[in-house]
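Structure, as structure tokens:
The numbers here are math on the coordinates, done by the rules we state, and not lab data. Keep in mind it's a predicted model, so treat the numbers as computed, not measured. Note that we place each Cβ from the backbone using ideal geometry, even for glycine, and neighbour counts take in every protein chain shown.
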């Protein structure tokens with residue numbers, strides 16, 4: 001396992017319950033040759049129907065996916081001080097992501113490509129939603145910024161992620177992430 005992967009080593013940051021999840025088709029984030037028109041849309045594994053766009057669950061899913069779009073974009077330069085990080089992140093999740101990005105910046109490491117997401121809702125309240133994901137980072141790898149040579153020969157993989165998304169003054173933000181190692185989903 002890589003020791004500096006910002007996107008993969010979102011160090012365990014406090015989330016209750018490690019639930020197993022099966023990987024299914026999901027959404028490819030921008031940055032790896034896909035466009036909004038040809039990218040599959042991720043869908044929550046709801047028991048009956050997808051939540052309406054106005055529900056806390058749907059708003060939390062949108063914030064979670066937007067957070068990964070932000071992280072993926074800023075990982076291309078390890079821009080850990082960019083205020084864009086605070087748009088969809090807060091608390092320990094923000095601290096961990098920005099600290100890991102700062103370490104990568106100090107080592108001249110960037111991440112290129114894009115992760116594939118498979119988020120679903122575990123539980124939803126009016127202000128706190130818990131999600132699970134099987135993030136596929138096989139096409140979102142670390143490179144040395146100066147040479148664009150891979151940091152190592154590890155191809156990436158599928159990682160279980162539990163996330164807490166919180167409504168903070170009518171803005172949904174990822175406040176906690178618990179990311180497991182490659183091959184955990």
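Structure above, values below:
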{"read-out": "Within the stretch 73-95, tally of residues that are touching a strand residue (DSSP E or B) at 6+ places or on another chain (Cβ under 7 Å), surrounded by 17 or more Cβ atoms within 10 Å (Cβ to Cβ) and farther than 22 Å from residue 169 by Cβ", "value": "2"}
{"read-out": "Strands (runs of 3 or more DSSP E) within the stretch 45-138 that include 3 or more residues within 23 Å of residue 155 (Cα to Cα)", "value": "109-113, 128-136"}
{"read-out": "Residue within the stretch 124-135 that is closer than 18 Å to residue 74 by Cβ, buried (at least 20 other Cβ atoms within 10 Å of the Cβ) and in contact with a strand residue (DSSP E or B) (Cβ under 7 Å, 6 or more places away or on another chain) present", "value": "yes"}
{"read-out": "Residue in the stretch 103-114 that is in contact with a helix residue (DSSP H, G or I) (Cβ under 9 Å, 6 or more places away or on another chain) and surrounded by fewer than 19 Cβ atoms within 10 Å (Cβ to Cβ) present", "value": "yes"}
{"read-out": "Tally of residues being in contact with a strand residue (DSSP E or B) (Cβ under 9 Å, 6 or more places away or on another chain) and either free of Cβ contacts under 8 Å to residues at least 60 places away in the same chain or more than 18 Å from residue 73 (Cβ to Cβ) (or both) across the stretch 137-153", "value": "9"}
